[in-house]
1. Residues being more than 23 Å from the chain's Cα centre (by Cα) and modelled with pLDDT of 90 or more: count how many of those fall in region 13-54.
2. If a residue must be more than 14 Å from the chain's Cα centre (by Cα) and surrounded by fewer than 22 Cβ atoms within 10 Å (Cβ to Cβ), how many such residues does region 200-216 contain?
3. Could you grab the pairs with beta carbons closer than 9 Å, sequence gap of 6+ or different chains, first residue in region 69-89 and at pLDDT 90 or above and in a helix (DSSP H, G or I), second one surrounded by 15 or more Cβ atoms within 10 Å (Cβ to Cβ) and of a type in the set (K, R)?
4. Applying the selection to region 150-177, what residues are closer than 17 Å to T8 by Cβ and aliphatic (A, V, I, L, M)?
5. Being assigned to a helix (DSSP H, G or I) and open to solvent by 40 Å² or more (accessible area, probe 1.4 Å) is the filter here; which residues of region 14-29 pass it?
6. Do we have T10 as in contact with a Pro (Cβ under 7 Å, 6 or more places away or on another chain), in a helix (DSSP H, G or I) and at pLDDT 80 or above here?
Amino acid sequence: MTGTIVNTCTILAGSLIGSIFKKGIREEQQNALYMAMGLAATGLGINAVVQNMPDSKYPVLFIVSLALGSLIGTIINIDGQFQKLTDRLSVGQLSKGLSTGILLFCIGTLSILGPIQSALYGDHTYLFTNATLDFVTSMVLASTYGVGMMLTAGVLFCWQGGIYVIALMLGNFMTADMMTELSVVGGFLIASSGLSILNIKDCKTMNMLPSLVIPVLFCWVMGCFT
């Protein structure tokens, strides 16, 4: 769980630094940090697609997954529900920061795929990238809501730790082909997040999260007939 521990520590560090400097982080500096993180996420997503697509046994599966997953997510309106949940939980200043931070840190492609990659392959790349993003985000949030933002680190640890343990338990279920197809779709979602951070295009990546389920189900069904 090295990646998860690092991710947790960066949130603690970011929250502490942000609370110390309190309003000392100017808007243009925040924008510069987010710009760098957006470029990093976009590059990481493209790299995941380029690396895994040549090994894909089902070349059009990612198209079907993205289309069907986005359609399901839009019908459910995951993005809108996310915003409503944030508003509902935002009672006081700190609670607003905590609810926003928890949702931002936990509900994302990197935070979901990262523990799986870490558990199955010992690859912490996604989690280290997520840790960097969360460091910047927690620093900005803590500069507004205070040191109490450190509490979100505990929630993130439990969230990613739970996914990590489940991935270990389902190790035999998660085949190499399944992880390849999942990584291709996940790469597109990570790149989509990067584009949103860069304010190039709001792809509403949360509505696309069901896309991650499609390749898993497809490969499982195909495995049952082979």
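1. The qualifying residues number 1.
2. 7
3. Listed pairs, sorted by first residue: S70/K204; G73/K204; T74/K204.
4. M150, L151, A153, V155, L156, I163, V165
5. Across region 14-29, the qualifying residues are L16, I17, I20, F21, E27, E28, Q29.
6. Spelling it out, it is not the case that T10 is in contact with a Pro (Cβ under 7 Å, 6 or more places away or on another chain), in a helix (DSSP H, G or I) and at pLDDT 80 or above.
The values are calculated or read from the model by the stated rules, or taken from the named source; none is laboratory data. In this text, all values refer to a predicted model and were calculated from it rather than measured experimentally. So basically every Cβ, Gly included, is an ideal-geometry build from the backbone, and we count neighbours across all protein chains shown. The accessibility values were calculated without ligands, DNA or RNA, using every heavy atom of the protein model including side chains. Shrake-Rupley method; radii C 1.70, N 1.55, O 1.52, S 1.80 Å.
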